[in-house]
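Peer 1: Dumping the structure here so I can ask a few things about it.
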Amino acid sequence: MKQTTLGDGLTVSAQGLGAMGMSAFYGTTDETEAIATLRHALDLGVTLIDTAEAYGPFENEKLIARALGDRRDEAVLATKFATEFDDAGRPHGLNGRPEYARRAAERSLRHLGTDVIDLFYLHRVDPAVPIEETVGGMADLVRDGLVRHIGLSEVSAATIRRAHAVHPLAAVQSEFSLFSRDLLGNGVLDTLRQLDIGLVAFSPLGRGFLTGGITTVDDLEPGDARRTLPRFQPAAIAENLRVVDQVRRIAAAKDATSAQVALAWVQAQGAVAIPGTRHRSRLDENTAAVDLVLTGDDLTALRRVVTETGVAGERDTEAGLARMHA
């Protein structure tokens with residue numbers, strides 16, 4: 001697979017793999033298939049594997065350790081901290097203090113079965129701790145050899161600038177897709193380009209909506225966390241299917257799937273997408289998007305689809321949105 005450089009000299013595959021759903025939030029999991037999918041990703045040249053201590057908590061990191069085994073050196077492991085968890089996995093609210101950054105990093109190292117984290121993100125900003133203090137603690141982890149590169153997730157342009165002044169950021173991670181285009185207008189994407197920081201796009205398929213596989217809320221298992229999101233309520237689904245149908249028509253003209261076109265759009269904005277999947281067949285479909293080129297006419301058509309048709313429902317709950325772009 002093609003390689004690309006984020007920031008701070010970090011080289012990764014042009015598309016990564018989000019591992020969250022292999023352990024949490026999206027219903028029934030299958031460890032055997034998840035491990036096979038992770039190892040297949042390496043076979044395809046996908047190097048960027050994304051996780052977080054919150055996924056489980058801890059279980060996703062442990063799964064990745066079991067999956068990679070002696071192939072650890074083939075992967076660029078990214079994990080995150082923010083909510084303070086005790087060792088039993090009980091949450092205790094956001095904690096951006098340097099001492100918790102260290103404790104979380106040391107625990108993630110144990111769970112991942114490695115001696116260094118390639119990319120360590122602050123998952124969400126702790127409003128009680130200045131970002132300079134948090135990033136200073138993360139920089140100490142780089143100095144001490146526990147972490148190679150650092151990044152932030154779901155932050156504002158102003159926070160990015162303050163953090164980057166303390167220590168170079170390799171990447172900023174944010175939800176970014178045809179359904180979630182905030183970064184195009186809130187100054188974040190422009191700031192990342194100015195500072196030469198990479199953008200890593202999570203949920204680039206609209207949390208699965210843009211695959212075309214979700215047509216009703218009943219397509220989601222009873223325990224699927226997406227059932228709580230505004231965009232996945234019945235009325236919003238009905239509205240948003242109009243967008244999916246138009247993306248599908250554009251895809252058909254290019255002999256591609258709607259998922260591949262949605263991923264190619266994210267890539268065309270200069271981002272590294274990390275679509276999540278639990279199945280090898282989906283992984284094959286997603287990675288094929290790396291070689292899909294969208295023309296100027298294609299991009300114009302996609303822009304018209306989402307702006308004229310519109311996307312119904314917020315991407316997260318009110319509480320979730322309050323913790324983003326801090």
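Peer 1: When the C-alpha atoms of segment 156-215 are aligned to their principal axes, what extent does each axis show, in angstrom, from largest down?
Peer 2: Result, largest extent first: 45, 20, 15 Å.
Peer 1: Which of the peptides 136-147, 116-127 is most tightly packed, and how do the rest follow, judged by the mean count of other Cβ atoms within 10 Å per residue?
Peer 2: Packing order, densest peptide first, comes out as 116-127, 136-147.
Peer 1: So how strong a dipole does segment 123-227 carry about its Cα centre when Lys and Arg Cβ are +1 and Asp and Glu Cβ are -1, to the nearest 20 debye?
Peer 2: Charge dipole of segment 123-227: 240 debye, to the nearest 20.
Peer 1: Multiply the residue separation of residue 29 and residue 239 by 0.36 nm, subtract the distance between their alpha-carbon atoms, and state the gained length in nm to one decimal.
Peer 2: 72.7 nm
Peer 1: Straight-line reach from residue 80: which lysines fall under 29 Å, measuring Cα to Cα and dropping same-chain residues less than 8 apart?
Peer 2: 2, 62
Peer 1: Additional query: Pull up the DSSP beta bridges for the chain and report the antiparallel fraction as a percent, rounded to 5.
Peer 2: 15
Peer 1: Under 13 Å Cα to Cα from residue 254, which aspartates and glutamates show up? Leave out anything in the same chain fewer than 8 places away.
Peer 2: 291, 297, 298
Peer 1: Please state, rounded to one decimal and in Å, the Kirkwood hydrodynamic radius that the chain gives when every pair of distinct Cα atoms enters the mean of 1/r.
Peer 2: 19.8
Peer 1: Oh, and also: Give me the distance between the Cα centres of segment 164-210 and segment 252-280, rounded to whole Å.
Peer 2: So the separation of the two Cα centres works out to 16 Å.
Peer 1: Apply the Karplus curve 6.51 cos²θ - 1.76 cosθ + 1.60, θ = phi - 60°, to the phi angles in segment 38-53 and return the couplings in whole Hz, x for Gly and Pro.
Peer 2: These are the phi-based 3J(HN,Hα) values: 4, 6, 5, 4, 4, 4, 7, x, 6, 9, 7, 10, 10, 9, 6, 5 Hz.
Peer 1: What distance in nm separates the simple spin-label points at residue 190 and residue 215, each placed 7 Å from Cα in the Cβ direction?
Peer 2: For the pair residue 190/residue 215, the computed spacing is 4.2 nm.
Peer 1: Follow-up. Based solely on C-alpha atoms, express the radius of gyration and the Dmax of segment 13-111 in angstrom.
Peer 2: Calculated on Cα positions, Rg and Dmax stand at 13.6, 39 Å.
Peer 1: What share of the DSSP beta bridges in segment 1-149 is antiparallel, in percent to the nearest 5?
Peer 2: Counting DSSP beta bridges with both partners in segment 1-149, the antiparallel share is about 30 percent.
Peer 1: Which value, in Å to one decimal place, does the Kirkwood hydrodynamic radius take for segment 172-287 when every pair of different Cα atoms is included?
Peer 2: About 15.0 Å, per the Kirkwood formula over Cα pairs.
Peer 1: Only Lys, Arg, Asp and Glu count, each charged at its Cβ (+1, +1, -1, -1), so figure out the dipole size of the chain about its Cα centre, rounded to 20 debye.
Peer 2: 340
Just so you know, all these numbers are worked out from the coordinates, no wet-lab data involved. Note that the structure is predicted; figures quoted are calculated from it, not measured. Ideal geometry is used to build each Cβ from the backbone, glycine not excepted, and the neighbour counts take in all protein chains shown.
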